[in-house]
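The values are calculated or read from the model by the stated rules, or taken from the named source; none is laboratory data. Just so it is clear, the model here is predicted, and its values are computed rather than measured. Cβ atoms come from the backbone with ideal geometry, glycine included; neighbour counts cover every protein chain shown.
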């Protein structure tokens with residue numbers, strides 16, 4: 001053993017066991033907003049309120065937590081974790097500086113709309129389940 005841990009080991013061994021309930025709550029809150037029969041204006045208002053509660057570091061952990069999820073949802077053109085789908089639909093990472101992410105180009109693992117940008121994907125994934 002070299003004494004150095006990979007990002008995955010740090011996340012799964014340390015953070016995940018301490019943050020699971022927190023991100024489970026966020027997941028179900030996002031799912032509720034996405035699947036409720038609100039109009040788009042109301043949904044965007046609620047997404048904004050939720051987004052305002054998150055610090056940069058909470059968003060960073062959320063970014064990796066959702067990617068590590070085993071709960072896969074079929075998207076239009078690929079299978080993605082359900083949590084990632086809700087994050088993209090809500091633009092929950094809108095305020096996240098991608099320079100904080102490990103490695104170059106890691107933001108590409110999410111649709112650009114997760115960061116509040118227009119989607120390059122013409123198919124709207126939506127939040128339906």
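Conditions tested, residue by residue: (1) within 21 Å of residue 21 (Cβ to Cβ); (2) at pLDDT 80 or above; (3) touching a helix residue (DSSP H, G or I) at 6+ places or on another chain (Cβ under 6 Å).
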site	(1), (2), (3)
59	yes, yes, no
75	no, no, no
78	no, no, no
96	no, yes, yes
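Can you name every residue in segment 32-42 that is at pLDDT below 90 and surrounded by 13 or more Cβ atoms within 10 Å (Cβ to Cβ)?
Selection gives 34, 35, 38.
Answer with yes or no whether residue 105 is at positive phi and at pLDDT below 85. Don't jump to the end; show me each part of the working.
Details: at positive phi: yes; at pLDDT below 85: yes.
Against the criterion (at positive phi and at pLDDT below 85), residue 105 qualifies.
Collect the residues in segment 44-77 that are buried (at least 17 other Cβ atoms within 10 Å of the Cβ) and outside any loop (DSSP other than H, G, I, E, B), keeping them in residue-number order.
If the condition is that a residue be buried (at least 17 other Cβ atoms within 10 Å of the Cβ) and outside any loop (DSSP other than H, G, I, E, B), then 46, 47, 51, 59, 60, 61, 62, 63, 64, 65, 66, 73 are the ones that fit.
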